[in-house]
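J.: Please see the structure below; I have some questions.
The values are calculated or read from the model by the stated rules, or taken from the named source; none is laboratory data. Remember, it's a predicted structure, so these values are computed and weren't measured experimentally. Virtual Cβ from ideal backbone geometry, glycine too; neighbours counted across all protein chains shown.
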């Protein structure tokens, strides 16, 4: 059984990633002039989310 | 350009390498030194998600639709973040129930329903065949580009399929899959060789893609800055990377994210590597971040390659930029490597997908039909096992050939991405059944079946048929204007819903109808008992206390089970099942555990639904069916509930009887008190009566008594009579007080005047010679509400008591009246022996002084009835005051204090009389 705290954190991270990957927040990056910023934004957020997930899932000892 | 033969040799040499890797992994597995029991290998095997579609199609989509291509990978990233929760649960269920495929999973969840399993298998077959075709087409196209034939042959037209290498690739793959994917009959066993080969392929495709990317950035351009400054200088390119380039804009963006999220969990090959092939639940945690990292790595070069392709050779098909860029620069070796990478991506997908589909076809489609055949049922031991393997192998060939035929017939009409997305939307129809079934026990087979059926029909109408029309198979006017010009039925603008991209539009309607029917029908239909049990096992899978379902299933001889296993799985499997059970006689009744194990072993090979049918065919006789069992359970629960109610009632009865007992005790006590009271009253009455009678008899019998004696005796007689009548008066008062019939005449009384009057009266009554009586009153007046006669009675009683109990030699009494916040306190203290702490309440009991005397105190018996204080207390209480014993403030003896509330001012006092 998964540690409830870790489960909550994982759900939180998924919610955060969903927010960052979808329009209202996405539009910020899209509105910056120059065009290339949207892919850059996506890759940076993606990398951060993966890093957080790795820290969350590997950083603590198995319960 | 490289010679065609060289390329073919390299390609088939690569497939040969896969054979070696798979054989090696299988051998290691046989030696119990598994190579795939590592979380990293698990994560790499999940990367079978990245097919030729990713390898070639991502660049094409990025070139056409900007950053939207990333959604196909962001969706799975979100799904993988949740995998330690969702996938872990599915793995646990799959291990407990020996699940072989997603069709088996859904069928098992909804009461091991064969028809539901068949429906899932058919949908998967229809939805995935184009996807397999897509892989073959990618191989053919890339090969044609590599060998310089821009016009690759349209294959079926002259029956020259044998000269088409994609046909041969399909055939070689079929051999590979049969060898490594359909070796065992037990499909719930892991295919170690296959997983190892797929993980290896994932590494190759990633390396090849990164190699092209680096080549593009650093050989074709001078690093990223050079490339991006050129892109920025070309506004038409820069615009392609904004959200405006994504079809459908914001809604299309979200629709695609949802589609990719759901498809990732429901694609048969993803279910295979995520759930069926999972060796260890703990690997999921590693894969949850490592697989998204893989996706990030394989996509990071997509944008540079797409931009470079558009800048350098904008004429060619963007789907093949990955290959045309190195080819155009003359990098032969890199081009071949890229071709191998694409081949890896395509074959990896085809291998896993075909295994998953063939398991479904054999277990969910062929088996239920075969089980109806009497001839097969009666066939000898092992025949069926051979049949099953043959069916599975044939279906592998069949599926690949179906893919080939689709590819050969209409494969060219669509871009790679389009075909892939159509497949995604088809398998997304499994998501409600799969995910909701995992958490909502109320979902049942009717809701799920109707939902999936409606979903797939809407999918066909909104995506598949328009696709056929667009490729020229059908007249496409109905797409434009609707069938029979019915406008609201237009496939890509259903119910006039326009302005969305076709995938979001299709997903909205198909998933919407799917969910609506799933919930709507589930809520109004009844699930069978078996289905309810399965639902509980699936939804509660993470709760450790839920064991396997060991309900008694009826009786069967163990021999029948053994025969069943031998016939369907062979002797070896039968021995494995029976190892833990010592069976002396085949006619013995089988234990429920053995029946369960047999069913699980069969389920691993044939799927849950067929296994259930087979075991039910030998378990029979007086078997209590589940309905009866549940009925028994219900009645047991009713009896338990009744027991609980009875227990509660008896508890209540106990309480009531305890109350009655205490009430009875109280009554007995009161009765005893009444008897005592009567005895005391009689005793008190008898004493004066006796003396009156004695003196009266003397007066009667002695007529010559001297006058003074006679008058003395008469005096005594009168005094005793007075005492008698006073006593009777007191008894009557007491009776009135206790029954509440004592009537008082409340009026304004001045307590000061009353006290003086009482003191005067006392002095007349008690002619005690040396009595010192101090009256300490410093108030001009003290208005209270009370009955003056009764109050005077109380005060006289208090004074009389004080006189009686004061020191006989030097009696000293002090009366005081003072005012406090609530009213007035009138106290009478004496210099007697006082009243001890525990006696203070008892002096208010009736006839208390009699007991006092019986205690053996040397005190001469004071005159009085012993009723004065109880009566006084009753009167004071009725006037709203209190009478109590306190420590005497100035004298050594006792002090009795009467507290009375002050009378309200005149105006308010008048009110009651109004």
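J.: Within region A:17-42, which residues are within 7 Å of another protein chain (Cβ to nearest Cβ), surrounded by 16 or more Cβ atoms within 10 Å (Cβ to Cβ), modelled with pLDDT under 90 and farther than 21 Å from residue B:248 by Cβ?
T.: Within region A:17-42, just A:36 meets the criteria.
J.: Are any residues in region B:453-472 modelled with pLDDT of 85 or more and buried (at least 16 other Cβ atoms within 10 Å of the Cβ), and if so, which ones?
T.: Of everything in region B:453-472, those that are modelled with pLDDT of 85 or more and buried (at least 16 other Cβ atoms within 10 Å of the Cβ) turn out to be B:453, B:454, B:455, B:456, B:458, B:459, B:460, B:461, B:462, B:463.
J.: When both residues are 6+ apart or on different chains and their Cβ atoms are under 7 Å apart, which pairs have a first residue that lies in region A:1-16 and is more than 7 Å from every other protein chain (Cβ to nearest Cβ), and a second that is surrounded by 16 or more Cβ atoms within 10 Å (Cβ to Cβ) and modelled with pLDDT under 90?
T.: Short answer, once both residue conditions are applied: A:6/A:56; A:9/A:56.
J.: Does residue B:732 satisfy the condition of being outside the structural domain of residue B:899 (by TED's automatic domain parsing) and free of Cβ contacts under 8 Å to residues at least 12 places away in the same chain?
T.: yes
J.: Testing residue B:869 on (1) modelled with pLDDT of 80 or more; (2) within 24 Å of residue B:736 (Cβ to Cβ); (3) not in a helix (DSSP H, G or I), one condition comes back false. Which one is that?
T.: The one condition residue B:869 does not meet is (3).
J.: Follow-up. Go through region B:544-564 and give me each residue that's assigned to a helix (DSSP H, G or I) and either within 39 Å of the chain's Cα centre (by Cα) or at pLDDT below 75 (or both).
T.: B:561 - this is the single residue of region B:544-564 that is assigned to a helix (DSSP H, G or I) and either within 39 Å of the chain's Cα centre (by Cα) or at pLDDT below 75 (or both).
J.: Any idea which of B:274, B:227, B:243, B:265 is within 14 Å of chain A (Cβ to nearest Cβ) and closer than 24 Å to residue B:436 by Cα? Step through it out loud before you land on a result.
T.: Details: B:274 fails: within 14 Å of chain A (Cβ to nearest Cβ); B:227 fails: closer than 24 Å to residue B:436 by Cα; B:243 fails: closer than 24 Å to residue B:436 by Cα.
From the options B:274, B:227, B:243, B:265, the qualifying one is B:265.
J.: Take the residues in region B:294-329 that are part of a loop (DSSP other than H, G, I, E, B) and more than 10 Å from every other protein chain (Cβ to nearest Cβ); name whichever of them is nearest to the chain's Cα centre (by Cα).
T.: B:301
J.: Let me ask something additional. Determine which single condition residue B:586 fails, assuming it passes every other condition in (1) surrounded by 11 or more Cβ atoms within 10 Å (Cβ to Cβ); (2) under 38 Å from the mean Cα position of the chain (by Cα); (3) at pLDDT below 70.
T.: The failed condition is (2).
J.: Of the residues that make up region B:81-93, is at least one away from chain A (no Cβ under 14 Å) and surrounded by fewer than 24 Cβ atoms within 10 Å (Cβ to Cβ)?
T.: yes
J.: Let me ask something else about it. On the basis of being at pLDDT 90 or above, away from chain A (no Cβ under 14 Å) and either crowded, with 24+ Cβ neighbours inside 10 Å or over 50 Å from the mean Cα position of the chain (by Cα) (or both), does residue B:291 make the cut?
T.: no
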